[in-house]
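Have a look at the structure below before the remarks.
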Amino acid sequence: MTAVSAIDSLKILLNATVLMKPNSQKPSPLELALEEDRLRHIRRIVDNACFILGMGSLSLSEAHILIAETRRRVLCLAPEDEDKFNLIYAPRLRRIAQQWSGLKID
């Protein structure tokens with residue numbers, strides 16, 4: 001099988017998968033742009049919290065407050081993504097707090 005025919009086969013498979021899903025529509029360019037903006041905003045919120053935690057000047061209670069506020073702000077933008085926050089961002093924030101501040105955050 002050549003590379004071109006493999007790519008064509010993949011396109012056919014993807015088109016068939018899309019056609020099997022009723023009511024599936026491609027997101028509009030505006031919807032894509034809004035989603036990119038939302039994700040960029042979430043990334044900025046978490047990056048800022050990581051930066052502050054990395055400075056190492058927070059007490060344990062201040063670190064807890066910062067992480068809770070970061071969670072609140074992220075979930076306001078993406079309420080359906082609480083599991084993602086718990087799996088990705090919360091461990092990252094705890095690791096940075098522990099690494100740079102020596103804080104043990106549970």
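Quick check on region 2-17. Is at least one of its residues surrounded by 10 or more Cβ atoms within 10 Å (Cβ to Cβ) and modelled with pLDDT of 90 or more? Scanning region 2-17, I find no residue that is surrounded by 10 or more Cβ atoms within 10 Å (Cβ to Cβ) and modelled with pLDDT of 90 or more, so the answer is no.
Quick check: anything in region 64-80 at pLDDT below 90 and touching a helix residue (DSSP H, G or I) at 6+ places or on another chain (Cβ under 8 Å)?
Start the filter on region 64-80 by keeping residues that are at pLDDT below 90, which leaves none.
No, because not a single residue in region 64-80 is at pLDDT below 90 and touching a helix residue (DSSP H, G or I) at 6+ places or on another chain (Cβ under 8 Å).
Under the condition of being of a type in the set (Gly, Ala, Ser) and more than 14 Å from Val46 (Cα to Cα), the residues counted in region 60-96 number 1.
Out of curiosity, is Ala68 among the small types (Gly, Ala, Ser) and within 24 Å of Leu34 (Cβ to Cβ)?
Working: among the small types (Gly, Ala, Ser): yes; within 24 Å of Leu34 (Cβ to Cβ): no.
So Ala68 fails the test.
Got at least one residue in region 42-51 being without any contact (Cβ under 8 Å) to a residue 60 or more places away in the chain, closer than 25 Å to Gln99 by Cα and not in a helix (DSSP H, G or I)? Within region 42-51, none of the residues are without any contact (Cβ under 8 Å) to a residue 60 or more places away in the chain, closer than 25 Å to Gln99 by Cα and not in a helix (DSSP H, G or I).
In region 55-78, of all residues being surrounded by 13 or more Cβ atoms within 10 Å (Cβ to Cβ) and of a type in the set (Gly, Ala, Ser), the one that is farthest from the chain's Cα centre (by Cα) corresponds to Gly56.
Note on region 65-104: residues that are in contact (Cβ under 8 Å) with a residue 12 or more places away in the chain, in a helix (DSSP H, G or I) and among the aliphatic types (A, V, I, L, M) total 8.
The values are calculated or read from the model by the stated rules, or taken from the named source; none is laboratory data. Predicted, not measured: the structure shown is a model, and the values here were computed from it. Cβ atoms come from the backbone with ideal geometry, glycine included; neighbour counts cover every protein chain shown.
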